[in-house]
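Have a look at the structure below, then the notes.
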Amino acid sequence: MSIALSVFIKALVVVPVTLLPILNPIAVAPIFLSMTGPMEPVMANRLAKRIAFNCFFLLMGAVFVGSYVLDFFGISLPIVRVAGGIVVAMAGWKLLNDQGQDKLRTTVAESAGNWTKEELRKHSFFPFSFPLTVGPGAIATSITLGAQLPNKPVDWLIIAFAAALGVFITSVAIFLSYRFARNLENLLGEVGATVLMRLSAFILLCIGIEIFWAGLSALLQELN
């Protein structure tokens, strides 16, 4: 195996392996269901496609442009992790303690079956694509991956192409998780789906705390 091919495969594998545990679309799928309510299968399929499409461009932007944006505004990655961790942890806490009274979630669920194309496009980005799927933690991680791209043009092209394919694979995993979320709910039943949703919310809370602690630890190390 040539060195170029080996580097390409390594970069291709690293992106989805790094991002999918943070995105965790399978665990988020029950939350997705609770926010869409009794949506028609055709509409659910369109929404899942649109979310995957949005997530692809969000992740691509974070990988290839994110570090330059942070440099422009003078924001460090640890700061992004601290702020992102707080946002994710708060979202997880709200979902963990929510009894169906969350205004955004209730409004989205009640109107999901009657969305126009414009409403579907709008809701597919917020709250489904960001911050529910691609949250601050995933964006910070994507920026970190992008910052590791080599400067040599040939190497950059090889690894950048592999990274783009990795993001595409990650987006396909997001689509499949949401597209077949209803099948998972039918398999688990109402009680099982509720338990999984609460567990997913708790995992989201833990991820937020982990992201916050990683950023805070980096900031504390800079003080030493």
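The values are calculated or read from the model by the stated rules, or taken from the named source; none is laboratory data. Just so you know, these numbers come straight off a predicted model, no measurement behind them. Using ideal geometry, Cβ is built from the backbone for each residue, glycine included, and neighbour counts are taken over all protein chains shown.
Before moving on, here are some points about what is shown:
- Restricting the first member to segment 11-28 and to residues that are surrounded by 18 or more Cβ atoms within 10 Å (Cβ to Cβ), and the second to residues that are among the charged types (D, E, K, R), no beta-carbon pair is closer than 8 Å while six or more apart or on different chains.
Residues are listed down the side, and each one gets a yes or a no for (1) more than 26 Å from residue 13 (Cβ to Cβ); (2) among the hydroxyl-bearing types (Ser, Thr, Tyr); (3) without any contact (Cβ under 8 Å) to a residue 40 or more places away in the chain; (4) assigned to a helix (DSSP H, G or I):
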{"position": "151", "(1), (2), (3), (4)": "no, no, yes, no"}
{"position": "160", "(1), (2), (3), (4)": "no, no, no, yes"}
{"position": "170", "(1), (2), (3), (4)": "no, yes, no, yes"}
{"position": "175", "(1), (2), (3), (4)": "no, no, no, yes"}
{"position": "183", "(1), (2), (3), (4)": "yes, no, yes, yes"}
{"position": "201", "(1), (2), (3), (4)": "yes, no, no, yes"}
{"position": "209", "(1), (2), (3), (4)": "yes, no, no, yes"}
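- Highlighted here are the helices (runs of 4 or more DSSP H) found entirely within segment 20-136 that include at least 2 residues which are at pLDDT below 75, of a type in the set (S, T, N, Q) and farther than 30 Å from residue 165 by Cα: 103-111.
- Each residue in segment 159-189 was checked for being within 23 Å of residue 69 (Cα to Cα) and over 19 Å from the mean Cα position of the chain (by Cα), and 4 of them qualify.
- Residue satisfying all of: in segment 177-224; modelled with pLDDT of 75 or more and charged (D, E, K, R); farthest from residue 140 (Cα to Cα) among these: 182
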